[in-house]
1. Could you give the size of the charge dipole of the chain about its Cα centre, using +1 on the Cβ of each K and R and -1 on the Cβ of each D and E, expressed in debye and rounded to the nearest 20?
2. Go through the chain and name the GluC sites (Glu not before Pro) that are in a DSSP coil and have 13 or fewer other Cβ atoms within 10 Å of their Cβ.
3. Using only alpha-carbon positions, what ratio does the radius of gyration of the chain give when scaled by 2.2 N^0.38 Å?
4. Towards the positive end of the charge dipole of the stretch 5-72, with charges on Cβ (+1 Lys, Arg; -1 Asp, Glu), say which of 62, 36, 7 has the farthest Cα.
5. Just need the relative contact order of the stretch 5-72 here, percent rounded to a whole number, with Cα pairs under 8 Å and 6+ apart.
6. What range in the chain is the longest one free of trypsin sites (Lys or Arg not before Pro) that are in a loop by DSSP and have at most 12 other Cβ atoms within 10 angstrom?
7. Picking from 50, 16, 62, which is most flexible by a Gaussian network model of the chain using Cα springs under 10 Å?
Amino acid sequence: MKSGFVIRCLNCGGELTVAPGRRNYRNEPITFGTDNYGADQISCECGNVLEEHSRFEGGRGLEGEFVVEWRQL
């Protein structure tokens with residue numbers, strides 16, 4: 001059985017296969033990762049970009065529900 005994932009851009013249809021082994025990072029049409037501030041992001045060479053935003057809702061400080069959403073940039 002194969003292990004890995006296929007990530008597809010819903011804007012242009014470009015695909016990235018993520019499988020065990022060495023990455024060819026500079027030539028990947030879709031990139032993803034975590035920035036220096038801990039937010040996840042994913043982007044396609046066509047310009048489609050999503051960034052993670054998170055917050056606590058419904059309480060004071062860390063008492064609320066932790067909500068994570070993707071936002072288009």
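Any read-out appearing in this document is the output of simple, stated calculations on the displayed coordinates, not a laboratory observation. Since this is a predicted model, take the numbers as computed values, not measurements. Using ideal geometry, Cβ is built from the backbone for each residue, glycine included, and neighbour counts are taken over all protein chains shown.
1. 380 debye
2. Loop-located and lightly packed - 45.
3. 1.38
4. So the residue furthest toward the plus end is 7.
5. 20 percent
6. That gives 24-59 as the longest site-free run.
7. 62
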